[in-house]
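Notes follow once the structure below has been shown.
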């Protein structure tokens, strides 16, 4: 089943011709309207006219997350503000988020690609989609929502949290499709069990899980415990939001990148050379139809590989493998992106706290937990318990407010955090060890 | 009239309390009394010792976070209502007790309580004004 059969099954040659045409047009737009790109392209000695083949993409400069931060909030927008109909943002390393803007056409494109993704996952009109992705600045909730409406399915805008209510609604409303992070789906199933509700008895048929890395083992676990077909979805707000790539339910082997809108490349993150099909490297994406904030060769920092082999589902779009890690130190905690430097910045803002901390990430009952260990030096020590507890609560609150992630602060003795030469070991991620 | 107390931050980990007391013992510091306040993660060990400076230095050398606090030692008649009388006097003057604990030795017929007040000086004035016997540090360290 397809949502847009013509484009989803476009023969490779026609697809690449379309990509080239759209790439040239996008570069022509940004060299005119975005000073940042005008400068970067001139520096690289490339212009839209000098792009003759898709291989010329490799001559274009990269765009980094830092470039987006430096352009805060609107300096990378390629259209005037009156053409922007939606603004989203993802958390940034120093409290300033990364901002993206969408034109009406961008929202239409996003809705279509998300609708395509739903259909690829096995969802159709008549399905009741229980959308537990967060609504708000985060792109997950609204992205899935618009796609569901575009498809013509019934969408329940649940957003995250309030697990008991989620379960009740899912049971009473007869939800057939669940969209959330993979870990939250398992958490809900466990929570339901305690209420005497077996997820396997619910009407759920398809689960579309993303916003955090997961494994084949976890898929099997989810499919058994929730009795549904689980597919992986990929997206990032800088590029669009959810629906950049999706697994098809026919193969469940790699995620189709919607290549008529995005050109994916895999590069060696150290040398920046483009890697051949099948090799693991960093995913780089160029948006070729976006109007609000088009990005050239955006460094996603996600590690994967790509294949152009034909897929049993009939889609001609390339597939990327499950994300297997990051080429930077970003953590994904319950779907929220967290950089250790963000936590450091918050700690440094608390009077007397020294820059000795460790982040311990674990998965308990299928839910990520973050513990922030902070050394108690003389500056923050008190002979009264209440002062130390107030300090912990203050840090926990600030992290929650600024990063949107719940954590537990643990006060530890000085020097108990290992000092190492060079780069300190700031993060202990125990999630994949179990 | 106040008494010096040292407070030590201790993680709730096996053997930490033993280590602190061993360090003090090896340095020849005698613990006069102590109290331990604890949470699930950490504890605060409060000590009155015969040599505050020495205790503080040896613990700091070993990497512990130590602070010095002024507390007040008060003689309390060892009879029912003895402690209540004192607390009532403090309460009447709006003085808060942050925490308190007992001294192990008696002072003649009386028990001795150690108080940590939010306003130390005011508490001492109130107590002496009501004829309670506030013990000086030197007396305590050598008891």
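Each value in this text was obtained by applying a stated rule to the coordinates, not by laboratory testing. As the structure is a prediction and not an experimental result, all values here were calculated from the model. Neighbour counts are summed over all protein chains in view; Cβ atoms, including those assigned to glycine, are modelled from backbone coordinates with ideal geometry.
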message: Please list the three semi-axes, largest first and in whole Å, of the ellipsoid equivalent to chain B, using sqrt of 5 times the eigenvalues of its alpha carbon gyration tensor.
response: 28, 16, 13
Burial ordering of B:2, A:130, A:387, fewest other beta-carbon atoms within 10 Å first: A:387, B:2, A:130
- prompt: Hey, what number do you get for chain A at 222 nm if only DSSP H runs of n ≥ 4 count, each worth -39500 (n - 2.57), divided across all residues, to the nearest 500?
  reply: -9500 deg cm²/dmol
Region A:332-429: radius of gyration over Cα atoms, expressed as a fraction of 2.2 N^0.38 Å: 1.05
message: Run lengths n ≥ 4 of DSSP H only: what is the helix-derived mean residue ellipticity at 222 nm for chain B, with -39500 (n - 2.57) per run over all residues, to the nearest 500?
response: -9500 deg cm²/dmol
message: With Kirkwood's inverse mean 1/r over C-alpha pairs for Rh, give me the Rg to Rh ratio of region B:3-69, two decimals please.
response: 0.92
message: When only alpha-carbon atoms are used, what values of Rg and Dmax, in angstrom, describe region A:46-108?
response: 14.5, 41
task: Could you state the angle between the C-alpha long axis of helix B:120-129 and the longest principal axis of the C-alpha atoms of chain B, as a value from 0 to 90 degrees rounded to the nearest 10?
output: 40 degrees
field: Angle between chain B longest axis and helix B:52-61 axis [Cα atoms, degrees, rounded to 10]
entry: 30 degrees
message: Order these by the 10 Å Cβ neighbour count, fewest first: A:214, A:258.
response: A:214, A:258
query: D for region A:232-311, whole µm²/s, Stokes-Einstein with Kirkwood Rh over alpha-carbon pairs at 20 °C and 1.002 mPa s: what number?
result: 165 µm²/s
statement: At q = 0.10 Å⁻¹, the log10 of I(q)/I(0) for region A:5-328 from a Debye sum over equal Cα scatterers comes to -0.56
task: Give me the angle, in degrees from 0 to 90, between the Cα long axis of helix B:16-26 and the longest principal axis of the Cα atoms of chain B, rounded to the nearest 10.
output: 90 degrees
- request: Would you kindly calculate the translational diffusion coefficient of region A:75-158, applying Stokes-Einstein with the Kirkwood radius from alpha carbon pairs, for 20 °C and a viscosity of 1.002 mPa s, and quote it in µm² s⁻¹ without decimals?
  value: 156 µm²/s
field: Cα-projected label distance for residue B:13 with residue B:141, points at 7 Å along beta-carbon direction, nm
entry: 3.1 nm
message: Could you give me D for region B:70-138, from Stokes-Einstein at 37 °C and 0.692 mPa s, where the hydrodynamic radius is the Kirkwood radius over C-alpha pairs? Units µm² s⁻¹, please.
response: 274 µm²/s
- line: Share of Cα-Cα pairs in region A:270-342 beyond 20 Å, whole percent, is 45 percent
Cα extents of region A:207-343 along the three principal axes, largest first (Å): 42, 41, 31
- prompt: Once the principal axes of the Cα atoms of region A:145-269 are found, what is the range along each, listed largest first in whole angstroms?
  reply: 49, 32, 26
Separation in nanometres of the label points that stand 7 Å from Cα toward Cβ, at residue A:2 and residue A:59: 3.3 nm
message: For Cα pairs less than 8 Å apart in space and 6+ apart in sequence, what is the mean separation divided by the residue count of chain A, i.e. the relative contact order in percent?
response: 14 percent
query: By how many nm would the segment from residue A:49 to residue A:162 grow when fully extended, if each residue of separation counts as 0.36 nm and the alpha-carbon distance is taken off?
result: 35.3 nm
message: Please compute, for peptide A:54-65, the average count of beta-carbon atoms on other protein chains lying within 10 Å of each residue's beta-carbon.
response: 0
Convex hull volume per residue in cubic angstrom - Cα atoms of the protein assembly as shown: 197 Å³
Linear extension gain, residue A:348 paired with residue A:21, 0.36 nm per residue minus alpha-carbon span: 112.8 nm
query: Considering only DSSP beta bridges with both partners in the protein assembly as shown, what is the antiparallel share in %, to the nearest 5?
result: 75 percent
